[in-house]
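**Q** One structure is given below, represented as structure tokens, and several questions about it will come after.
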Amino acid sequence: MIYIAFRSFQCLLTKQDQSACFECVNRHLEDNGIFVLDLFAPRHDLLAQVKRSLYLDKFYDKENGIYITRRAEDEYNLVNQTLKEDRFYEWTDKQGDFHRQIWSFELAYLFRYEAELLLEKHGFKIENVFGNFDKSPYNYYSGEQIFVARKIS
């Protein structure tokens with residue numbers, strides 16, 4: 001079994017890199033071996049916004065005795081099917097000074113049937129597509145696409 005967890009496959013931004021990854025997985029799996037792939041499920045209503053800001057949460061940092069606010073700014077590139085996200089971590093320290101750390105990353109997104117075609121092209125048979133880690137069925141609003149595929153011998 002080979003699995004690519006927590007959407008990390010989506011760090012491969014081009015179809016060439018994605019294909020190279022699937023070819024590598026296929027080479028390393030035995031016949032009938034299982035390949036599990038986790039992707040986020042893109043939604044058209046979010047893509048249509050092109051840019052959006054999100055409040056994510058606020059959490060307490062026990063070590064420093066402060067609250068940290070976490071928010072994101074997303075920008076979709078509809079031509080390249082990528083998402084650039086800037087995550088902002090903001091807090092005020094005990095001396096009253098404001099701090100901000102920014103973590104930026106870019107992900108490619110694939111729609112369900114696009115991912116299935118890519119898997120099939122590289123020698124895999126889709127056995128199941130789940131919408132969450134509790135193995136609930138995939139649907140458009142599930143948020144996850146978890147593919148369970150078998151290497152075709």
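**Q** For the structure I just gave you, tell me whether Asn32 is in contact with a strand residue (DSSP E or B) (Cβ under 7 Å, 6 or more places away or on another chain), touching a residue at least 60 places away in the same chain (Cβ under 8 Å) and on the phi > 0 side of the Ramachandran plot.
**A** Yes; evaluated as a whole, the condition is true for this residue.
**Q** Being on the phi < 0 side of the Ramachandran plot, of a type outside the set (A, V, I, L, M, F, W, C) and out of contact with any strand residue (DSSP E or B) (no Cβ under 6 Å at 6 or more places or on another chain) is the requirement here; does Glu63 meet it?
**A** Yes: the conditions hold for Glu63.
**Q** Listed residues Glu73, Glu90, Glu116; which is assigned by TED's automatic domain parsing to the domain that holds Phe22 and more than 16 Å from Thr14 (Cα to Cα)? Write out each step before concluding.
**A** Details: Glu73 fails: assigned by TED's automatic domain parsing to the domain that holds Phe22; Glu90 fails: assigned by TED's automatic domain parsing to the domain that holds Phe22.
Selected residue: Glu116, the only one of Glu73, Glu90, Glu116 that is assigned by TED's automatic domain parsing to the domain that holds Phe22 and more than 16 Å from Thr14 (Cα to Cα).
**Q** Considering only the stretch 3-30, how many residues are loosely packed, with under 15 Cβ neighbours inside 10 Å and in contact with a Gly (Cβ under 9 Å, 6 or more places away or on another chain)?
**A** Summing the residues that are loosely packed, with under 15 Cβ neighbours inside 10 Å and in contact with a Gly (Cβ under 9 Å, 6 or more places away or on another chain) in the stretch 3-30 gives 1.
**Q** Given the residues Phe9, Phe22, which is the only one that is in contact with an Asp or Glu (Cβ under 9 Å, 6 or more places away or on another chain) and assigned to a helix (DSSP H, G or I)? Before you say what the answer is, go through the steps one by one.
**A** Details: Phe22 fails: in contact with an Asp or Glu (Cβ under 9 Å, 6 or more places away or on another chain).
The match here is Phe9.
**Q** Would you say Leu54 is out of contact with any Ser or Thr (no Cβ under 8 Å at 6 or more places or on another chain), surrounded by 11 or more Cβ atoms within 10 Å (Cβ to Cβ), under 21 Å from Gln10 (Cα atoms) and outside the structural domain of Gln18 (by TED's automatic domain parsing)?
**A** Spelling it out, Leu54 is indeed out of contact with any Ser or Thr (no Cβ under 8 Å at 6 or more places or on another chain), surrounded by 11 or more Cβ atoms within 10 Å (Cβ to Cβ), under 21 Å from Gln10 (Cα atoms) and outside the structural domain of Gln18 (by TED's automatic domain parsing).
**Q** Do we have any residue at all in the stretch 82-100 that's surrounded by 14 or more Cβ atoms within 10 Å (Cβ to Cβ), at pLDDT 95 or above, in contact with a Phe, Trp or Tyr (Cβ under 8 Å, 6 or more places away or on another chain) and within 19 Å of Cys21 (Cβ to Cβ)?
**A** Yes: one or more hits.
**Q** Out of Asp61, Asp45, which single residue is closer than 24 Å to Gly143 by Cβ and exposed (fewer than 13 other Cβ atoms within 10 Å of the Cβ)?
**A** Result: Asp45 is the single residue among Asp61, Asp45 that is closer than 24 Å to Gly143 by Cβ and exposed (fewer than 13 other Cβ atoms within 10 Å of the Cβ).
**Q** Let me ask something else. Confirm whether Arg150 is among the basic types (Lys, Arg), within 14 Å of the chain's Cα centre (by Cα) and surrounded by 12 or more Cβ atoms within 10 Å (Cβ to Cβ).
**A** no
**Q** Restricting to the stretch 86-117, give me the number of residues that are among the aliphatic types (A, V, I, L, M) and in contact with a Leu (Cβ under 7 Å, 6 or more places away or on another chain).
**A** So the first thing to find is which residues in the stretch 86-117 are among the aliphatic types (A, V, I, L, M), and the list is 102, 107-108, 110, 115, 117.
So of that shortlist, the ones also in contact with a Leu (Cβ under 7 Å, 6 or more places away or on another chain) come out as 107-108, 110, 115.
Looking only at that region, the number is 4.
**Q** Within the stretch 26-63, track down each residue that is small (Gly, Ala, Ser), modelled with pLDDT of 95 or more and within 30 Å of Tyr76 (Cβ to Cβ).
**A** Across the stretch 26-63, the qualifying residues are Ala41, Ser53.
The values are calculated or read from the model by the stated rules, or taken from the named source; none is laboratory data. As the structure is a computational prediction, the values presented were derived from the model and not from experiment. Reconstructed Cβ throughout: ideal geometry from the backbone, glycine too, with neighbour counts over all protein chains shown.
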